[in-house]
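Q: Handing you this structure, nothing more for now.
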Amino acid sequence: MKRHLALYATATRYDLAENTRNTFAMLLVVAFVPTWITLIYLNITHKAVPLHLDATGEWIAPAGNRFSQITGALNAVTLITGFMMFAATFKSGGFDRRLVMAGYPRAHLVLAKTTSLALASAAVAVYATAVISVTSPPEQPFQLAAALFGAALTYGAIGVIYGSLLRREVEGMFAMIMTGVVDVGLQNPLASPGGARSLMRLLPSYGAVQSSTASCFSTQATPGYLALQFLWFAAAALVSLLTFRHRTRSAHRADRSLNWAARAAGDAARPPAGGREGAKATFDSRGRSEPHGPIVETPVKS
């Protein structure tokens, strides 16, 4: 047990160190989140926007800027954690393969990445909730933080998937941006009034949008939609685990190939059976190796 804890602690420490060295992501968390949420509050219309909240079954009419603050916070949180996990996974691909070839358990590496993702998601979610509370205090701040946390976890797992499958950083950045814009943007009634509700229910952050909206404009708890968001995270985490296993599978194959090659080399280096006479018979008078018997020299006809 102590060995497993030590392996897990070591992998977690290095994974956290890799994330904290991502200074661009740290700047986004500190500066971008409050700037983006404040700009939305100041520039989006203050007019009421009637909408049907599926989470509570109520018709509500929040101000457009307050509702846009929620979707803006979700968009910022999901992109930040997605970028962080994509960058960490993309850069550590070769290192992870070498660790697996050296015998490091893949389970400990996966648990370390999950722990790092959970800590980063919790920090970003709490920070975004505090920023929203300055201008638009929510009715249920803890539920808002939980919804943001679930969305951040989901997109962090998606970032791991992209980092394991895509070959270039530009591809991963484009995929993360487009996924977040389509997902959250379609659920904003200002951008898509009267959108297809059946389609929106299939989006990755649908549970978080519904739960966070209810937490800001209603006193009714929505545990079912929080559970839906964490179900999305579980599905994304499972896919990320499979992609990580696929990425390190070649390392296991290479390790087995090296073991077979080492065994074959060891067998070839062993002296043949038959004692000293058999060993002497494998060399000619000049000391040259004769693995297939003595060399017979044949005269060349002129």
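Q: Identify the residue in segment 187-202 that is in a loop (DSSP other than H, G, I, E, B), open to solvent by 70 Å² or more (accessible area, probe 1.4 Å) and among the aliphatic types (A, V, I, L, M) and, among all such residues, is modelled with the lowest pLDDT.
A: Ala191
Q: Sticking with this structure for a sec: Could you check segment 110-135 and list, in sequence order, the residues that are open to solvent by less than 10 Å² (accessible area, probe 1.4 Å) and either charged (D, E, K, R) or more than 21 Å from Val209 (Cβ to Cβ) (or both)?
A: Once the filter is applied, which keeps residues that are open to solvent by less than 10 Å² (accessible area, probe 1.4 Å) and either charged (D, E, K, R) or more than 21 Å from Val209 (Cβ to Cβ) (or both), segment 110-135 yields Ala112, Ser116.
Q: Next up: Count, please, the residues in segment 1-42 that happen to be without any contact (Cβ under 8 Å) to a residue 60 or more places away in the chain and under 20 Å from Pro137 (Cβ atoms).
A: 5
Q: On to the next question. Count, please, the residues in segment 16-44 that happen to be in contact with a Leu (Cβ under 8 Å, 6 or more places away or on another chain) and closer than 20 Å to Leu186 by Cα.
A: 1
Q: Does Thr89 fit the bill of being under 30 Å from Thr45 (Cβ atoms), surrounded by 24 or more Cβ atoms within 10 Å (Cβ to Cβ), of a type in the set (Val, Ile, Thr) and touching a Gly at 6+ places or on another chain (Cβ under 7 Å)?
A: no
Q: Looking only at segment 136-161, which residues are under 15 Å from the mean Cα position of the chain (by Cα), open to solvent by less than 10 Å² (accessible area, probe 1.4 Å) and farther than 17 Å from Leu228 by Cα?
A: Listed by number, the list holds a single entry, Gly159.
Q: Show the residue pairs that are 6+ apart or on different chains and have beta-carbon atoms under 8 Å apart, the first residue being within segment 121-139 and within 26 Å of Phe86 (Cβ to Cβ), the second being open to solvent by less than 10 Å² (accessible area, probe 1.4 Å) and polar (S, T, N, Q).
A: Going by the 8 Å Cβ cut-off, the qualifying pairs are Ser121/Thr81; Val124/Thr81; Ile132/Gln69.
Q: One residue is enough: does segment 57-77 have a residue meeting the conditions out of contact with any Gly (no Cβ under 6 Å at 6 or more places or on another chain), touching a residue at least 24 places away in the same chain (Cβ under 8 Å), over 21 Å from Phe217 (Cβ atoms) and not polar (S, T, N, Q)?
A: There is no residue in segment 57-77 that is out of contact with any Gly (no Cβ under 6 Å at 6 or more places or on another chain), touching a residue at least 24 places away in the same chain (Cβ under 8 Å), over 21 Å from Phe217 (Cβ atoms) and not polar (S, T, N, Q).
Q: What are the residues in segment 100-121 that are more than 14 Å from Val30 (Cα to Cα) and hydrophobic (A, V, I, L, M, F, W, C), if any?
A: If the condition is that a residue be more than 14 Å from Val30 (Cα to Cα) and hydrophobic (A, V, I, L, M, F, W, C), then Val100, Met101, Ala102, Ala107, Leu109, Val110, Leu111, Ala112, Leu117, Ala118, Leu119 are the ones that fit.
Q: Looking at Thr71, is it in contact with a helix residue (DSSP H, G or I) (Cβ under 7 Å, 6 or more places away or on another chain) and crowded, with 21+ Cβ neighbours inside 10 Å?
A: Judged against the criteria, Thr71 is a match.
Q: Need pairs with beta-carbon distance below 9 Å; first residue closer than 17 Å to Gly94 by Cβ and β-branched (Val, Ile, Thr) and within segment 161-174, second open to solvent by 80 Å² or more (accessible area, probe 1.4 Å) and modelled with pLDDT under 90; sequence gap 6+ or separate chains.
A: Every condition considered, no pair remains.
Q: Assuming Leu53 fulfils every condition listed in (1) within 20 Å of Gln210 (Cβ to Cβ); (2) open to solvent by 20 Å² or more (accessible area, probe 1.4 Å) apart from one, which condition is it?
A: Here Leu53 meets the rest and fails (2).
Q: Another question, if that's okay. Only one residue in Gly94, Gly103 is of a type in the set (Gly, Ala, Ser), open to solvent by 10 Å² or more (accessible area, probe 1.4 Å) and not in a helix (DSSP H, G or I). Which one?
A: That would be Gly103, the only listed residue that is of a type in the set (Gly, Ala, Ser), open to solvent by 10 Å² or more (accessible area, probe 1.4 Å) and not in a helix (DSSP H, G or I).
The values are calculated or read from the model by the stated rules, or taken from the named source; none is laboratory data. A quick note: this is a predicted structure, and the numbers were derived from the prediction, not measured. Because the Cβ atoms are built from the backbone with ideal geometry, glycine has one as well, and the counts that use them run over all protein chains shown. Quick note on the areas: whole protein, heavy atoms, side chains included, nothing else; ligands and nucleic acids left out. Shrake-Rupley method; radii C 1.70, N 1.55, O 1.52, S 1.80 Å.
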